[in-house]
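The values are calculated or read from the model by the stated rules, or taken from the named source; none is laboratory data. Computed from a predicted structure; not experimentally measured. Methodologically, a virtual Cβ is constructed for each residue, glycine included, from the backbone with ideal geometry; neighbour enumeration extends over all protein chains shown. These accessible areas exclude ligands, DNA and RNA; they are computed on the full protein's heavy atoms, side chains included. Shrake-Rupley method; radii C 1.70, N 1.55, O 1.52, S 1.80 Å.
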Amino acid sequence: MNRKKLQKLAESLCRTAKHFNKIEVECLIKLFHTLVVEPSDRHAIFGLDRNTFRNILHVTFGMTDDMIMDRVFRAFDKDNDSCVSVTEWVEGLSIFLRGTLEEKMKYCFEVYDLNGDGYISREEMFHMLKNSLLKQPSEEDPDEGIKDLVEITLKKMDYDHDGKLSYTDFEKAVRDENLLLEAFGPCLPDIKSNMAFEMQAFQETGDM
């Protein structure tokens, strides 16, 4: 990608990815191009496929939960074409790395709403908690413990008592207690991997 094209793209992305400056956006575009595997088919979409993206989440951000990684991919892939484009990459990272609480709440809710119906249901909570909790070798049925946890969670977060979490419920609970933002599994980077990624991605900015 030539310099002129890069600057033009960076300028337009700066408007939508509000948490990055132009130089940072340029660095992320360059990084994107080093990560993308050239499609063998010339007509294929140019972008990060699910496996490449999940590998980044795993290696760079230490994510291990397959279900959550899959949902993070879908949250980035706004147009549902099974590929994260350069625009989706930069705009997604803007929230993933530096989003406001408001933006992160919307993002986490989207990740946890597995079927996209606008609610986090008992079943969805059960699946996510079962996946994210360590399996304890015990006599008891582990599913029972998870069901109890779902009920405790609902008691704490389900403000309108309809047996599922709407975005309004989720937002209210998180505003009251920020730790509930990632209640159903880690889908945001921790501070350490966030800083490490930014240092590596933006190291050029110090050289400029």
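Once the 1.4 Å probe is applied to the protein heavy atoms, the chain comes out at 58 Å² accessible per residue. The ellipsoid equivalent to the alpha-carbon distribution of the chain has semi-axes of 35, 18, 16 angstrom, derived from the gyration tensor eigenvalues as √(5λ) and listed largest first.
The local environment of VAL86, defined by Cβ-Cβ distances under 12 Å, has a net charge of -1 under the rule Lys, Arg +1 and Asp, Glu -1.
Atom-type composition of the exposed protein surface of region 1-135 places 52 percent of the accessible area on carbon and sulfur (1.4 angstrom probe).
Farthest toward the positive end of the dipole of the chain, out of SER166, ASN2, LEU93, is the Cα of ASN2, where the dipole comes from beta carbon charges about the Cα centre.
Against the criterion of solvent-accessible heavy-atom surface with a 1.4 angstrom probe, ARG98, ARG15, ARG175 sort, most first, into ARG15, ARG175, ARG98.
With a threshold of 24 Å on the Cα-Cα distance, the over-threshold entries among LYS22/LYS104; LYS18/LYS104; LYS30/LYS106; LYS18/LYS106 are LYS30/LYS106. Using only Cα atoms, find the angle between the long axis of helix 22-35 and the longest principal axis of the chain, and express it within 0 to 90 degrees, rounded to the nearest 10. Roughly 80 degrees, rounded to the nearest 10. Applying the Karplus relation 6.51 cos²θ - 1.76 cosθ + 1.60 with θ = phi - 60° to region 145-156 yields 3J(HN,Hα) values of x, 5, 4, 4, 5, 4, 5, 4, 4, 4, 4, 7 Hz, where x marks Gly and Pro. Under the convention that each Lys and Arg Cβ holds +1 and each Asp and Glu Cβ holds -1, the size of the dipole of region 1-113 around its Cα centre is about 600 debye. Its DSSP H runs of at least 4 residues, each contributing -39,500 (n - 2.57), put the calculated 222 nm mean residue ellipticity of the chain at -19000 deg cm²/dmol, to the nearest 500. Within straight-line reach of LYS130, meaning a Cα separation under 21 Å, sit the following lysines at least 8 residues removed in sequence or on another chain: LYS147, LYS155, LYS156, LYS164. Among VAL36, MET128, THR64, whose Cα lies farthest out toward the positive end of the dipole of region 1-145, if unit charges sit on the beta carbon of Lys, Arg (+1) and Asp, Glu (-1)? Going by the charge dipole, the pick is VAL36. Maximal additional length on extending the ILE23-GLU38 stretch stands at 2.9 nm, based on 0.36 nm per residue less the C-alpha distance. For region 86-208, the dipole from Cβ point charges (+1 on Lys and Arg, -1 on Asp and Glu) about the Cα centre works out to 240 debye, to the nearest 20. Net charge dipole, the chain: roughly 1180 debye, given to the nearest 20, about the Cα centre with Cβ charges of +1 for Lys and Arg and -1 for Asp and Glu. Helix 167-176 and the long axis of the chain differ in direction by around 90°, with both axes built from C-alpha atoms.
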